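Novice: Would you mind keeping the following structure in view while I ask a few things?
The values are calculated or read from the model by the stated rules, or taken from the named source; none is laboratory data. Note that the structure is a prediction, hence the values are computed from the model and not measured. For neighbour counting, all protein chains shown are included, and Cβ atoms are generated from backbone atoms with ideal geometry for every residue, glycine included. Just the protein is used for accessible areas: all its heavy atoms, side chains included, with ligands, DNA and RNA removed. Shrake-Rupley method; radii C 1.70, N 1.55, O 1.52, S 1.80 Å.
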There are 2 protein chains.
Amino acid sequence: MPRIFQVSVPSLRVTLSSIFRKQGFNSTDALYLAGTLIDADQRGISSHGTQRMAMYDAKIRHRIIDPHARPGIVRSKGASLLIDAHAAMGQLAMREATNLAIGLAQSHGVGLVTVRNSNHFGTAGQYARKAADSGFVGIVSTNSNPIVAPTHTAVPALGSNPIAVAAGYGNDQLDFDAATSTVSLGKVEVHEKTQSLIAADWAVDAHGDVEHDPVAIMNAIRSKPRRAALTPLGGPGENGGGYKGYGLGLAVELLTGLLGDAPASIDLNGTRISHSILAISPEAYGGSDALAARVSQLAKRLRSLPSSDGHPVLFPGDKERAALAQHHDTVPIDEVTYKQVRDIAWGLDIDEPQIVRIDDGDSAIATGNGKTDDTPHETTNIGETTSTTAYANTPIITQTSR
Amino acid sequence: MPRIFQVSVPSLRVTLSSIFRKQGFNSTDALYLAGTLIDADQRGISSHGTQRMAMYDAKIRHRIIDPHARPGIVRSKGASLLIDAHAAMGQLAMREATNLAIGLAQSHGVGLVTVRNSNHFGTAGQYARKAADSGFVGIVSTNSNPIVAPTHTAVPALGSNPIAVAAGYGNDQLDFDAATSTVSLGKVEVHEKTQSLIAADWAVDAHGDVEHDPVAIMNAIRSKPRRAALTPLGGPGENGGGYKGYGLGLAVELLTGLLGDAPASIDLNGTRISHSILAISPEAYGGSDALAARVSQLAKRLRSLPSSDGHPVLFPGDKERAALAQHHDTVPIDEVTYKQVRDIAWGLDIDEPQIVRIDDGDSAIATGNGKTDDTPHETTNIGETTSTTAYANTPIITQTSR
């Protein structure tokens, strides 16, 4: 399995933003995009961090993502607004959508912005968190390539369709972000890398039978058409409530593509993705301070409940906040991803990011709490990079961790 | 196990509305309340139908529910509005909230109404469906008595916290309504009645261990304090994604009590419940006809997917629509419920509802698709009613079923 490189955050920021700059984004956008990916890495959501660079690079080269696109307002009425991303990076379309939703909520109490013709937008949580940090409730979702099988079929027809919800401030912020599938594909990929069997009903094969071998699942998912699917939250069939995960996935379809008069996940193939963000002002209720106080009080009470299994009761966001506190100066990047980014950088005459430390592969790669992750990472050509001499020319700096 | 009585719908409507009238509700409200309960029975959601009469009767007698309460607007700003139910029946507060949310969405594109100081409101789906029938997207939730254990504890601290989402029209309407627990308590009660072990991880005992005996679960849930809890959607622990059901339950807490500056589920004891309804106008997007067309098209495509297990792929609402079509003239009422309603009626000098047919208990009592159901039904004194002679004076009419 690949080794884990602890990479300097400032250096990574320079490399990623330089790549985006040379791909055609303006300086502000390039820095913003680098920041969102590094933030995901720092929060332990590696599946949505630097690991995504190879996918973005390919989509930019194939003109699926347009670095020069300017998202525009299609229609607006009162508190509702529709944006056409014009094939912009999802992050840039959603930066705009989030600001507009917050503005609408300031004026109208509520603001709902739907985005269509967009691309993969990274984590859903970042936009919900932006609304919460601004004193609002934020609810964010996106559709995505079909990878989840509805109840009673094995055909992947829904996206992983994450829902993110945030409110309150700081360490007690409610910061929830989860795919409506049982797990994100990233979790299956972690098991593939570690070659460990999956103990739960995360995926089904083409016959609808639960498959526990992560290698078999990933191979079947990488085939075209896909010959495996993730289960909806609650698992296959009805016994564990899987029809609820299916229904929640459909709720996301409704708020994104269906409402935006754009394709549903079943018709997506990596483009024309739709997102939505709802911002709610607490002003007509108790105000944002009262809301934050209630959120904080509930967080503290839930965390203080006695554990039944030795693990502490967490409040949504606790894991990611703990990871963020640990990764101020360096972030873990797996060897495959590191090489992909290095090659993209070298091809654009940009320096590769600095490695502070190399860990062996036993350190688990955190993939976050079930974030959406609908595109399998390329793991071919891994053999090219497993020799330590491949990094003979890579500077390794030392640095004191916080 | 109790027998199932097929009861005349017109007769049941007269009995229930007469009871509500004598309890102090005006004629309009009494008929509306009877209608919402019968509609749940007709849709196969018996847990939220006539079965609830005993609970409502007790709460009205104990002045927890005030038949004379007039819900009032506390604050409003633009598209957002807060209602104080003043201890009204939840259904009456939500009838008002739904109309207001639709009105706000007509004016502002979006409308979000939160209700506090309310009571059990029946099914969440009925309000979402009302919004959908009016051409809007409806999203409804409510907090409720603590019965769901957050991930890593056995303490019930969240309500079953249902989410209902609806859009589109007719037989292809997206009509989703589900508790954020793995199942509603009603499903456990059905297993209790049939004395059949539960094959999935629906509930945990006071130590956090999965309990499969429905009698043990219900006894522990009826004890004070509760010594069992439902699991969040995804099950106990993290392996099946249970932290997502926990997080979704918290999202409901946020949109109801926390936003409404009112108690969270953890502090509820059958009163001061909060609800919310979000209505969205499709006008700023493709309009309501375009949305309904997209919903309908997706419904048809999903239903046509090949089955992997012999069961057809359904669209949310299909089960309830099929039940509704079968129960135009009669609804199935279990023997215990029938006796409770008969006794309430007799106590108020009202005729009991007419029984059309008596089935033995092998006909399953439908409890819907995992609707919220946070109050255990009283099953004490069941022995009193198991003799057929108990119904010697009850008229049994015959009727042609559609």
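Novice: Only residues that are outside any strand (DSSP E or B) and in contact with a Lys or Arg (Cβ under 9 Å, 6 or more places away or on another chain): list them for the stretch A:108-125, please. Spell out how you get there, then give the answer.
Specialist: Taking the stretch A:108-125 and keeping what is outside any strand (DSSP E or B), we get A:108-109, A:119-125.
A:His108, A:Gly109, A:Asn119, A:His120, A:Gly122, A:Thr123, A:Ala124, A:Gly125, listed by residue number.
Novice: On the basis of being open to solvent by 20 Å² or more (accessible area, probe 1.4 Å) and in the same structural domain as A:Arg95 (by the TED database), does A:Arg226 make the cut?
Specialist: On the way: open to solvent by 20 Å² or more (accessible area, probe 1.4 Å): yes; in the same structural domain as A:Arg95 (by the TED database): no.
Spelling it out, it is not the case that A:Arg226 is open to solvent by 20 Å² or more (accessible area, probe 1.4 Å) and in the same structural domain as A:Arg95 (by the TED database).
Novice: Give me a count of the residues in the stretch B:136-161 that are within 16 Å of B:Val295 (Cα to Cα) and open to solvent by 10 Å² or more (accessible area, probe 1.4 Å).
Specialist: Let us first name the residues in the stretch B:136-161 that are within 16 Å of B:Val295 (Cα to Cα), namely B:136-139.
After this cut, where a residue has to be open to solvent by 10 Å² or more (accessible area, probe 1.4 Å) as well, the list is B:136, B:139.
Within the stretch B:136-161, residues that are within 16 Å of B:Val295 (Cα to Cα) and open to solvent by 10 Å² or more (accessible area, probe 1.4 Å) number 2.
Novice: Identify the residue in the stretch B:147-165 that is within 9 Å of chain A (Cβ to nearest Cβ) and among the small types (Gly, Ala, Ser) and, among all such residues, is farthest from B:Ser281 (Cα to Cα). Quick ask: steps written out before the conclusion?
Specialist: Here is the first cut: in the stretch B:147-165, the ones within 9 Å of chain A (Cβ to nearest Cβ) are B:149-155, B:157-158, B:163, B:165.
Filter again for among the small types (Gly, Ala, Ser), leaving B:149, B:154, B:157.
Details: B:Ala149: 36, B:Ala154: 41, B:Ala157: 35 Å.
Step by step, filter the stretch B:147-165, then rank; the result is B:Ala154.
Novice: Can I ask one more? Which ones in the stretch A:294-328 are under 21 Å from the mean Cα position of the chain (by Cα), surrounded by fewer than 16 Cβ atoms within 10 Å (Cβ to Cβ) and not in a helix (DSSP H, G or I)?
Specialist: Within the stretch A:294-328, A:His328 is the sole residue that qualifies.
Novice: Where the second residue is part of a helix (DSSP H, G or I) and crowded, with 19+ Cβ neighbours inside 10 Å and the first is of a type in the set (Asp, Glu) and lies in the stretch B:20-35, which pairs have Cβ atoms under 6 Å and are six or more apart or on separate chains?
Specialist: B:Asp29/B:Leu92
Novice: Out of B:Arg21, B:Arg13, B:Arg70, B:Arg61, I need the residue that is charged (D, E, K, R) and under 28 Å from B:Asn171 (Cα atoms). Which one?
Specialist: On the way: B:Arg21 fails: under 28 Å from B:Asn171 (Cα atoms); B:Arg70 fails: under 28 Å from B:Asn171 (Cα atoms); B:Arg61 fails: under 28 Å from B:Asn171 (Cα atoms).
None of the other options fit; the residue is B:Arg13.
Novice: Here are A:Leu248, A:Leu255, A:Leu314: which of them is facing chain B (nearest Cβ under 10 Å) and touching a Leu at 6+ places or on another chain (Cβ under 7 Å)? Let's see the steps before the verdict.
Specialist: Working: A:Leu255 fails: touching a Leu at 6+ places or on another chain (Cβ under 7 Å); A:Leu314 fails: touching a Leu at 6+ places or on another chain (Cβ under 7 Å).
So the residue among A:Leu248, A:Leu255, A:Leu314 that is facing chain B (nearest Cβ under 10 Å) and touching a Leu at 6+ places or on another chain (Cβ under 7 Å) is A:Leu248.
Novice: Restricting attention to the stretch A:341-348, does a residue exist that is assigned to a loop (DSSP other than H, G, I, E, B) and more than 27 Å from A:Asp172 (Cβ to Cβ)? Spell out the reasoning first.
Specialist: Just the residues of the stretch A:341-348 that are assigned to a loop (DSSP other than H, G, I, E, B), to begin with: A:348.
Then keep just the ones that are more than 27 Å from A:Asp172 (Cβ to Cβ); that gives A:348.
Within the stretch A:341-348, one or more residues are assigned to a loop (DSSP other than H, G, I, E, B) and more than 27 Å from A:Asp172 (Cβ to Cβ).
Novice: Can you tell me how many residues in the stretch A:159-185 are touching an Asp or Glu at 6+ places or on another chain (Cβ under 9 Å) and within 15 Å of A:Phe121 (Cα to Cα)?
Specialist: Residues that pass the stated criteria total 8.
Novice: Another question, then. Can you spot a residue in the stretch B:258-273 that is under 27 Å from A:Gly260 (Cβ atoms), of a type in the set (A, V, I, L, M, F, W, C), more than 9 Å from chain A (Cβ to nearest Cβ) and out of contact with any Leu (no Cβ under 9 Å at 6 or more places or on another chain)?
Specialist: Initial filter on the stretch B:258-273 (under 27 Å from A:Gly260 (Cβ atoms)): B:259.
Filter once more, keeping what is of a type in the set (A, V, I, L, M, F, W, C): B:259.
Restricting the remaining residues to those that are more than 9 Å from chain A (Cβ to nearest Cβ) gives none.
No; the residues of the stretch B:258-273 include none that is under 27 Å from A:Gly260 (Cβ atoms), of a type in the set (A, V, I, L, M, F, W, C), more than 9 Å from chain A (Cβ to nearest Cβ) and out of contact with any Leu (no Cβ under 9 Å at 6 or more places or on another chain).
Novice: So if I check each of B:Gly208, B:Gly170, B:Gly186, which one is facing another protein chain (nearest Cβ under 7 Å), of a type in the set (Gly, Ala, Ser) and out of contact with any Pro (no Cβ under 6 Å at 6 or more places or on another chain)?
Specialist: Values: B:Gly170 fails: facing another protein chain (nearest Cβ under 7 Å); B:Gly186 fails: facing another protein chain (nearest Cβ under 7 Å).
B:Gly208 is the lone residue from the list that is facing another protein chain (nearest Cβ under 7 Å), of a type in the set (Gly, Ala, Ser) and out of contact with any Pro (no Cβ under 6 Å at 6 or more places or on another chain).
Novice: Can you pull out every residue in the stretch B:98-110 that is aliphatic (A, V, I, L, M) and under 11 Å from B:Ala128 (Cα atoms)?
Specialist: Taking the stretch B:98-110 and keeping what is aliphatic (A, V, I, L, M), we get B:100-102, B:104-105, B:110.
Matches in the stretch B:98-110: B:Ala101, B:Ile102.
Novice: Report yes if A:Ala54 is without any contact (Cβ under 8 Å) to a residue 12 or more places away in the chain and under 24 Å from A:Arg342 (Cβ atoms), otherwise no.
Specialist: Working: without any contact (Cβ under 8 Å) to a residue 12 or more places away in the chain: no; under 24 Å from A:Arg342 (Cβ atoms): yes.
Here the answer is no, as A:Ala54 does not meet what is asked.
Novice: Please go through the stretch B:44-66 and pick out each residue that is crowded, with 21+ Cβ neighbours inside 10 Å and part of a loop (DSSP other than H, G, I, E, B).
Specialist: B:Gly44, B:Gly49, B:Ile65
Novice: While we're on this one: Consider A:Asn239 against the criteria (1) part of a helix (DSSP H, G or I); (2) of a type in the set (S, T, N, Q); (3) within 12 Å of chain B (Cβ to nearest Cβ): it satisfies all of them except one. Which criterion is unmet?
Specialist: With respect to (1) part of a helix (DSSP H, G or I); (2) of a type in the set (S, T, N, Q); (3) within 12 Å of chain B (Cβ to nearest Cβ), A:Asn239 is out only on (1).
Novice: Collect the residues in the stretch B:177-222 that are hydroxyl-bearing (Ser, Thr, Tyr) and more than 24 Å from A:Leu305 (Cβ to Cβ), keeping them in residue-number order. First the steps, then the outcome.
Specialist: Narrowing the stretch B:177-222 to residues hydroxyl-bearing (Ser, Thr, Tyr): B:180-182, B:184, B:194, B:196.
Residues satisfying the conditions are B:Thr194, B:Ser196.
Novice: Would you pick out the residues in the stretch B:151-169 that are touching a residue at least 60 places away in the same chain (Cβ under 8 Å), over 22 Å from B:Leu278 (Cα atoms) and touching a Gly at 6+ places or on another chain (Cβ under 8 Å)?
Specialist: B:Thr151, B:His152, B:Ala154
Novice: Restricting the first residue to the stretch A:313-332 and requiring it to be at pLDDT 95 or above, which pairs with a second residue that is aromatic (Phe, Trp, Tyr) meet a Cβ separation below 6 Å and a spacing of at least six or different chains?
Specialist: A:Pro316/A:Phe176
Novice: Limited to the stretch B:1-43, what total is found for residues that are open to solvent by 30 Å² or more (accessible area, probe 1.4 Å) and among the aromatic types (Phe, Trp, Tyr)?
Specialist: 1
Novice: A follow-up question, please. In the stretch B:212-227, is there at least one residue being under 30 Å from A:Ser181 (Cβ atoms) and part of a loop (DSSP other than H, G, I, E, B)?
Specialist: yes
Novice: Now for a different question. So A:Ser107 fits all but one of (1) more than 15 Å from the chain's Cα centre (by Cα); (2) of a type in the set (Ser, Thr, Tyr); (3) crowded, with 24+ Cβ neighbours inside 10 Å; what number is the exception?
Specialist: (3)
Novice: Just one of (1) aliphatic (A, V, I, L, M); (2) open to solvent by less than 20 Å² (accessible area, probe 1.4 Å); (3) in contact (Cβ under 8 Å) with a residue 60 or more places away in the chain; (4) not in a strand (DSSP E or B) trips up B:Ala132, so point out which.
Specialist: The single condition B:Ala132 does not satisfy is (3).
Novice: I'm checking my understanding of the structure. Among residues of the stretch B:91-104 that are surrounded by fewer than 24 Cβ atoms within 10 Å (Cβ to Cβ) and of a type outside the set (S, T, N, Q), which one is farthest from the chain's Cα centre (by Cα)?
Specialist: Taking the candidates together, the pick is B:Gly103.
Novice: Give the stretch A:163-187 a look and list any residue that's of a type outside the set (D, E, K, R), within 15 Å of the chain's Cα centre (by Cα) and in a helix (DSSP H, G or I), or say none.
Specialist: Residues satisfying the conditions are A:Leu185, A:Gly186.
Novice: Same structure, new question: Which one is most open to solvent (accessible area, probe 1.4 Å) among residues in the stretch B:268-293 that are without any contact (Cβ under 8 Å) to a residue 40 or more places away in the chain and part of a helix (DSSP H, G or I)?
Specialist: Within the stretch B:268-293, the first condition is being without any contact (Cβ under 8 Å) to a residue 40 or more places away in the chain, and the residues that meet it are B:285-287, B:289-290, B:293.
Within this subset, residues satisfying the condition of being part of a helix (DSSP H, G or I) are B:289-290, B:293.
On the way: B:Asp289: 117, B:Ala290: 30, B:Ala293: 59 Å².
The extreme case among them is B:Asp289.
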